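Asks: Next up is a structure, given as structure tokens.
The values are calculated or read from the model by the stated rules, or taken from the named source; none is laboratory data. Quick caveat: nothing in here was measured; it's all calculated off a predicted structure. A quick note on method: Cβ atoms are made from the backbone with ideal geometry, for glycine too, and the neighbour counts reach across all protein chains shown.
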Protein chains: 2
Amino acid sequence: MADVAAKARKILVAVDESEESTYALSWCIENIITGNTNDALILLYSIPPRAVYSSLDGTGEKDNPEGYLFSSDILATMERYSNEVAQCVMEKAKRLCKDLDGVKVETIVERGDARDVICQVAERLHVDMLVMGSHGYGVIKRAFLGSVSNHCAQNVKCPVLIVKKPKTNGTSK
Amino acid sequence: MADVAAKARKILVAVDESEESTYALSWCIENIITGNTNDALILLYSIPPRAVYSSLDGTGEKDNPEGYLFSSDILATMERYSNEVAQCVMEKAKRLCKDLDGVKVETIVERGDARDVICQVAERLHVDMLVMGSHGYGVIKRAFLGSVSNHCAQNVKCPVLIVKKPKTNGTSK
């Protein structure tokens with residue numbers, strides 16, 4: 001009677017290419033999931049919308065009369081590239097989960113703005129908790145990159161766990 | 001070998017008089033701590049600084065030449081009141097933890113701005129995770145009340161779990 005079983009939880013972890021994301025997933029596995037074999041872990045990656053690629057070199061659709069960035073060849077290459085990145089991110093994430101005996105791990109890849117995708121999937125799947133990394137510490141960096149975790153923390157209805165990667169200083173000073 | 005033990009964690013939960021805080025602690029107990037008897041749970045309440053009381057009725061120190069709000073009687077009453085609130089909050093929080101067999105529960109009460117106190121205690125005790133409720137959903141309400149969780153999420157180095165109390169609509173419409 002004293003040994004109360006841990007609750008089965010459905011945990012959504014947002015993953016991307018960043019070290020912060022890898023750290024957040026590892027931390028979650030080690031500190032939240034390990035020891036609870038009833039959990040379901042959902043790894044979510046959102047492929048950035050196409051508009052992001054078209055402005056990679058600073059040119060927008062309006063400034064690009066030749067349309068060379070939007071040829072079917074380029075689009076197909078971009079599509080292939082983004083799918084490969086998604087696959088790569090998911091393979092890496094799944095490797096981190098390989099020792100989680102009993103835990104059901106599934107992966108979801110969706111296209112769209114990460115902020116929207118994460119909030120939508122969290123609501124749709126009625127997850128018990130959302131886990132995300134946090135990018136950057138500087139004010140400027142956070143204003144752009146960190147806004148995903150801020151946005152989700154404010155807009156997702158379920159509990160949100162934000163895991164920061166500790167600063168590692170290469171220099172001893 | 002398949003049954004890997006859960007890690008012992010030091011979890012700091014910020015508590016206050018609000019329903020959101022009570023919900024966050026209950027959620028944390030049920031979803032994070034139950035089943036892991038190695039954990040240490042630290043309940044933290046911060047007594048608001050005195051300046052808050054002096055402006056309760058809209059008068060500030062400068063607008064209060066008689067100084068009646070700052071007589072030693074009033075100050076002693078305020079002090080007693082704030083300590084009673086702290087005690088009441090802690091008693092309620094500890095009652096929620098009473099079924100946590102094996103988990104070491106301790107309480108900390110400090111005076112100061114909740115944002116500063118929570119961040120300072122999290123750093124000082126090297127906790128593994130900070131758990132907080134989130135006040136309010138409206139933009140205006142969040143701008144004032146919700147700023148504690150936002151501030152801590154951005155400034156505390158350890159992982160931060162923000163738990164929102166689900167909206168309960170009294171009316172069926």
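Asks: Please go through the stretch B:128-164 and pick out each residue that is modelled with pLDDT of 95 or more, in a loop (DSSP other than H, G, I, E, B) and facing chain A (nearest Cβ under 7 Å).
Replies: Of everything in the stretch B:128-164, those that are modelled with pLDDT of 95 or more, in a loop (DSSP other than H, G, I, E, B) and facing chain A (nearest Cβ under 7 Å) turn out to be B:Asp128, B:Pro159.
Asks: Of all residues being surrounded by fewer than 17 Cβ atoms within 10 Å (Cβ to Cβ) and within 17 Å of B:Asn38 (Cα to Cα) in the stretch B:104-124, which is farthest from the other protein chains (Cβ to nearest Cβ)? Just the residue, please.
Replies: Top of the filtered list is B:Glu106.
Asks: Give the stretch A:1-39 a look and list any residue that's more than 11 Å from chain B (Cβ to nearest Cβ) and either under 21 Å from B:Arg9 (Cβ atoms) or free of Cβ contacts under 8 Å to residues at least 40 places away in the same chain (or both), or say none.
Replies: The answer is A:Leu12, A:Val13, A:Glu20, A:Thr22, A:Leu25, A:Ser26.
Asks: Something else now. Having 3 or more residues that are at pLDDT 95 or above is the bar; report the helices (runs of 4 or more DSSP H) wholly within the stretch A:10-122 that clear it.
Replies: By residue number, A:19-28, A:72-96.
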